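In what follows, a single structure is set out as structure tokens and then discussed.
The values are calculated or read from the model by the stated rules, or taken from the named source; none is laboratory data. What you see is a predicted model, and the numbers here were worked out from it, not measured in a lab. Positions of Cβ are backbone-derived with ideal geometry, glycine not excepted, and every protein chain shown enters the neighbour counts. SASA here: full protein model, heavy atoms, side chains in, ligands and nucleic acids out. Shrake-Rupley method; radii C 1.70, N 1.55, O 1.52, S 1.80 Å.
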Amino acid sequence: MEDLKLQEWNPLGYKTLYRNLFKKHLARQDELLKQGKKVGWFFSFHPSEIIYIFDVVPAFPEQYSAYAAARGSSVDLIDASITKGFGHFLCDYFKTTIGMIEEPEKATKPLMPKPDFIVDTRALCVAHHEMTEVFARKYGIPKYTVNYPYWTSDALGKVDELTKIPERVDELYMEYSIAKLKGLFEFMEKVSGTPFDEEKFKDVFETSEKTSKLLIDIAKLMMSKPTPGSQREIADLVFLGFFVLGSDYAYEFAEKGYEMIKERVKRKEGVVPEEKLRLLTFGIMPWHSLSLYEYCEMMGATFPVNLYVNASLHLCDAKNPWESMVRRSMHFTNSTYDLLDGVVENARKADLDGALLLENTGCRITSMIIHPLADVLQEELGIPSLILEAPQCDPRVMPLERAKTQVEAFVESLL
Amino acid sequence: MGKEVEKAEKIDELYNSFLSREKLKQYKENGKKIIGTLCNNVPEEIIHSFGAVPARMLGLADSTELASSKIPTWVCLYTKRIMEDALRGDFDFLDGIVGMTSDDTKSQFYSAYTFYLKPEFSYLIQIPYVRDDLSLNFFRKELERFIAKLSEFIEEEFSEDRLAKSIAIYNEFRELLDELLALRHLDSPKLSGEDWLKILLSSTAMLKEDFNNSLPPVLAEIKDFEGYKDYKLRIHLSGTDFYDVEIVRMIESLGGLVVSDDLCTAEGYYKGIVEGFNLKDLAKRYLNQSACVLTAGLENLSIEDRLNFIGERLRESKADAIILLRDRGCEICGHQCPFILQEFGKMGIPTLILDLDSPYPTEQMRTRVEAFIESYG
Ligand code: SF4
Ligand code: SF4
């Protein structure tokens, strides 16, 4: 046990950056609400640039649910959803959000603003589409669906895990996706009452491109030795990748965040003084128990690779905005498992010792791929995995203390 | 009574071909390629037009230990059983599989299946969730893409004439089933829900022309039957990929009579004639299927289409009550059940939810069904 003595934890310091980012995001939201702008609900992997092109107020059921989980109200909301007859084994984000709609008095405040419209893209899961239907019916509001494919290797060849640049793209799929996106823009014009502005479109995509490059660089730098940052801070990058890409405040974050991590790497400074193990992690963070990562890191097991964060990134090309929006859906969690190749190729660079994989009960996307992913990591990189069943908003299935014990045993077995 | 026994034997003979997969294995021995399908919306006519045999994959294992080491234990029983059968080698006779992106479970399961079982041929059909012209056009082209891959695998050119012939065979199959279905709607239905499901399941495990030849003598026997008169409650069965004859038998042994359904394996599978003989007509038929998939018209929600589909079935069959079969791992049931309950509750149609978890039927299930039938029968 001597080996596992907890070390001093030395995060990058992104906390302040996040605080500023949220402050600016919320201030924009308040301002637009005051101006009577329309509210849209959006999901991860949607083309977040539309929020800024059409000046709408965005709300994100996934982000709200994560927030409710961190603040402790998600359990009541999940129970409320089940009491209303919705299935037990559905995504926690759905259950938490429907709980908020049905029993707002139990939900963490501020609640999400009531939507005027909803957009789903199937860029990640059909669950987005399924829940959009439920929400749209509850509120009696319009919705728009962009039907990206579930990607297969015969349509893409190989895909670079971070940039989402594929070897090729089947023309039929690209054309259909773009046509659907153009339909989305027409829908946005209609529901927002804001006409499409070519100049703004260009500006927003240029910002998106600059930001996306920096975010990818941050993910690359995280793979340095020793691991420079903590997953407690890096995991939240998904908020930028999923929801606010295209905003000035996301760019500002990325610029500063990149500088901070670059400096760290230059100094060869790690998140803990003595790195003993380098682990890959995948699965949606258990938002109620994020300190699990901190705990592992303090034991000397750091996380240079977070596949969930990597999935949220893509290299935006402002000269090809339509293709860029489609490429955003070309992550391995929206692809057949032979496309895990790209993941392996990238992970190989990180000199890994093991993997901590989270099976998010109710989420078929992260859960069904878990065993194949563990197999591939073992076969291709020779690293073992610990799989923890961890629904992202329901701590009852994975109490933090039990998770810590399991992780300790895993870490010990690797040392 | 002799006729009754004869009828039951004929139906069981058909059903046994589903349980034993004997016919499929025979086709294979005769040199045909067998292509497993993972969704009722896979346009089987295409596979059929290549001279191959489309076979709906439905697992028969009664426990799922092997599957549990590969896919989560909480996903629907439908996928766990297919995985179990496949890992046990019971699907080794398949030459390939075709999946569809109709929900997360089906998309991910396609990935898991191809990852672990490595079938010689596999294709995942991308289905749009919106029924606009753009999507219909895309879907037709997607079917062309599928045709090209299948043609390469089977080493056979695609033929529009052969597709037209296959469509005709499938339409004949649908018309025969419509005829059979009408017999369930009579005041004294001539066919039980158990027998209906057995017949439907047999149709998934043989070439449709063989089914079309086998059904008429059975149909004649059924028509001759005077019909069930002593049932207590006419029941509509609602659910997704359900095919457990035992549960239907249990319901009917307690005085219920299952007169209609919206199951992916029964009415949701066969309903809908292809209005024409080319690929576009075929695409239209499959995109317009609204029993369970998440496809809807531009201004509609698919749940509304599903409620309409159920409503139509209820009107035709004059069912008095609904039994909702809810697989706890089914994402469609999970999202849609409350709306079905609400909608038909408003109309005063009693509904019972049965949570499916194998092994079943359990004593508790039986008691609940009995009380339901006693209350409303
Ligand atoms: S990916 Fe999983 S957790 Fe995320 S919204 Fe979809 S079903 Fe829910
Ligand atoms: S519809 Fe339900 S039972 Fe069928 S594959 Fe999807 S989740 Fe499983």
_Can you list residues from other chains, or at least 5 along the same chain, whose modelled amide H is less than 5 Å from the amide H of A:E389?_
A:E359
*Any idea what angle helix B:302-317 forms with the longest principal axis of chain B, computed on alpha-carbon atoms, 0 to 90 degrees, nearest 10?*
50 degrees
_Set of lysines with alpha-carbon distance to A:K266 below 17 Å, sequence-local pairs under 8 removed_ = A:K220, A:K225, A:K256
_Gaussian network model of chain B, springs between alpha carbon atoms under 10 Å - residue of B:S317, B:S122, B:S135 with greatest fluctuation_ = B:S135
*Heavy-atom accessible area of A:K24 with all protein chains present, probe 1.4 Å, nearest 10 Å²?*
90 Å²
*asked:* Connecting C-alpha atoms closer than 10 Å in a GNM of chain B, tell me which of B:P72, B:P119, B:P189 has the biggest fluctuation.
replied: B:P72
_Degrees, to the nearest 10: B:208-224 long Cα axis against longest axis of chain B_ = 20 degrees
_Cβ charges +1 (Lys, Arg) and -1 (Asp, Glu), total dipole of chain A, debye_ = 980 debye
*Rounded if a/c under 1.5, otherwise prolate or oblate - chain B, Cα gyration tensor axes*: rounded
*Highest GNM mean-square fluctuation, chain B, Cα pairs closer than 10 Å: which of B:K190, B:K346, B:K149?*
B:K346
*Please turn the phi angles of the range B:360-377 into ³J(HN,Hα) values with the Karplus equation 6.51 cos²θ - 1.76 cosθ + 1.60 (θ = phi - 60°), one per residue in order, whole Hz, x for glycine and proline.*
8, x, 8, 5, 5, 4, 4, 5, 5, 5, 4, 5, 5, 5, 5, 5, 10, x
*Could you check what % of the DSSP bridge pairs in chain A are antiparallel, to the nearest 5?*
5 percent
*Once phi is turned into ³J(HN,Hα) by the Karplus curve 6.51 cos²θ - 1.76 cosθ + 1.60 with θ = phi - 60°, what whole-Hz value does each residue of the range B:115-130 show in order, with x for glycine and proline?*
5, 8, 9, 6, x, 4, 10, 8, 8, 10, 7, 8, 10, x, 9, 10
*In Hz, Karplus ³J(HN,Hα) per residue of the range A:38-48 (6.51, -1.76, 1.60; θ = phi - 60°; x = Gly, Pro)*: 7, 9, x, 9, 9, 10, 4, 6, 6, x, 4
*Can you find, among A:A155, A:M174, A:Y139, the residue farthest towards the positive end of the dipole of the range A:138-181? Put +1 on the C-beta of Lys and Arg, -1 on that of Asp and Glu.*
A:Y139
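Can you list the GluC sites (Glu not before Pro) in the range B:294-377 that are in a DSSP coil and have 16 or fewer other beta carbons within 10 angstrom?
Within the range B:294-377, the qualifying GluC sites (Glu not before Pro) (loop, at most 16 other Cβ atoms within 10 Å) are B:E299.
Could you tell me whether the range B:157-207 comes out rounded, prolate or oblate from its Cα gyration tensor? Rule is a ≥ b ≥ c as square roots of the eigenvalues, rounded for a/c under 1.5, then prolate if a/b exceeds b/c, otherwise oblate.
It comes out oblate by the Cα gyration axes.
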_Quick query: amide H of A:L280 versus all other amide H atoms, modeled in the peptide plane; which residues come in under 5 Å with a sequence gap of 5 or more or a different chain?_
A:D353, A:G354, A:A355, A:L356
*asked:* Please list, ordered by chain and number, the residues whose modelled amide H lies under 5 Å from the amide H of B:I353; skip anything fewer than 5 residues away on the same chain.
replied: B:L324
_Cα gyration tensor, the range A:230-316 - rounded (a/c under 1.5), prolate or oblate_ = oblate
*What would the Debye formula give as log10 I(q)/I(0) at q = 0.07, 0.08, 0.09 Å⁻¹ for the alpha-carbon point model of the protein assembly as shown, no solvent?*
-0.52, -0.68, -0.86
*Please determine, in degrees from 0 to 90 and to the nearest 10, the orientation of helix B:331-346 with respect to the longest principal axis defined by the Cα atoms of chain B, where the helix direction is its Cα long axis.*
40 degrees
*Magnitude of the charge dipole, the range A:2-119, Cβ model with Lys/Arg +1 and Asp/Glu -1, debye to 20*: 480 debye
